[in-house]
Amino acid sequence: MATVPDFRSLEDRVVLITGGAGHIGSTLAEAFLAVGSRVATVDLTDPVGPPTDAGPDRYQHLPVDLSRDGDAVMACDGVLNAFGRLDTIVATASWMGTATTPGWNVPFDEQDERLWAEVLQVGVTANFTLMKRAFPHLAANGGGSVVLLSSIYGFCGPQPAMYEDTGINNIAGYAASKGALVQLARWLATTMAPDVRVNAVSPGGLFRDQRPPFEERYSERTPLGRMATEEDLVGPVLFLASDLSRYITGHDLVVDGGFSTW
Ligand SMILES: NC(=O)c1ccc[n+]([C@@H]2O[C@H](COP(=O)([O-])OP(=O)(O)OC[C@H]3O[C@@H](n4cnc5c(N)ncnc54)[C@H](O)[C@@H]3O)[C@@H](O)[C@H]2O)c1
């Protein structure tokens, strides 16, 4: 009888999650702990609360600033020091700005070149550096897997009507960083094969208390009728990290409720 690989392949694997204090990163940290992985989160900020009551032998958080040269290498080395091995990287860190950051949540002609560079540094360049450092370690034990969090805005253009009078702007640098990340996943997939698989996940917009006109318009344009939640990403990311997807590499798994099919 055929053996069926499952999420049990993630037991005891060491998973590094960048942006692990964020909404999606912290939800994924909890999920990996729940299936028996050991987890290191790295982030600019501290997690709001420890993901579970897991002790330091199963969970550690390391402060890093991926906009700084050297911190991606520090992140990799920190996890190796903490756990002695590294099997999986889930990259969720992204410079997101806030509604009030000057030059960020503004129309195209006001979007700032310095923030463009910052977004590409954290979202793309830091991952390039991290993968170079991590590659031999990911390859060492078999089952190495990388999942890069992109976005539908890595391959879709924004629809202006959706944003009208919402106070929300779609940012060119963010879109460029997400497109680059999917291509980096494909490039790494062939370069790191056969010992390490590399895939991307492209979520649609997550519900974060956006003002009603935006949420309503977005949901109307989505076949499944709603924005995404953090939990919607757990299955897809664990699938790509685990041996369930052992013959999948260089793929972009779109998790958008069908938004991009129309
Ligand atoms: N929220 C959405 O609607 C959405 C949609 C599609 C894709 N995504 C992608 O999913 C990923 C996670 O998004 P999220 O919604 O959880 O965002 P989030 O802002 O909650 O998490 C991002 C994390 O990255 C960290 N970070 C930012 N700059 C950093 C730096 N210099 N060094 C280290 N860490 C840094 C932040 O501190 C934060 O904890 C991102 O890559 C995002 O682009 C999000």
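Every read-out reported here was derived from the displayed coordinates using simple, explicitly stated rules and does not represent laboratory data. Worth saying up front: this structure is predicted, and the values here are computed from it rather than measured. Here the Cβ is made from the backbone with ideal geometry for all residues, glycine too, and neighbour counts use every protein chain on show.
Below, the figures for the structure above:
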| item | result |
| --- | --- |
| In degrees, nearest ten, helix 71-83 long axis to first principal axis of the chain (Cα) | 40 degrees |
| Cut-off under 5 Å, modelled amide H: who pairs with V14 long-range | R38, D87, T88 |
| Amide H contacts under 5 Å for V254, placed H, 5+ residues apart | S202 |
| Other-chain or far-sequence residues with amide H under 5 Å of L62's (modelled H) | T41, V42, D43 |
| Theoretical ellipticity at 222 nm over the chain - DSSP helices of four or more residues, -39500 (n - 2.57) apiece, nearest 500 | -10500 deg cm²/dmol |
| Which of H23, F155, P194, positive extreme of dipole for the chain (C-beta unit charges) | P194 |
| Under the Karplus curve 6.51 cos²θ - 1.76 cosθ + 1.60, θ = phi - 60°, whole-Hz ³J(HN,Hα) for segment 218-228, x wherever Gly or Pro sits | 4, 5, 4, 8, 10, x, 7, x, 7, 6, 7 |
| Rounded to whole Hz, the Karplus (6.51, -1.76, 1.60) HN-Hα couplings of segment 140-155, x for glycine and proline | 5, 10, x, x, x, 8, 10, 10, 9, 7, 9, 6, 4, 7, x, 9 |
| Residue-wise HN-Hα coupling along segment 170-183, computed from phi with Karplus coefficients 6.51, -1.76, 1.60 (Hz; x: Gly, Pro) | 8, 9, 4, x, 4, 4, 4, 5, 6, x, 5, 5, 5, 5 |
| Relative contact order [Cα under 8 Å, 6+ residues apart], the chain, whole percent | 19 percent |
| Cα-derived Rg to Rh of segment 7-261, Kirkwood definition | 0.96 |
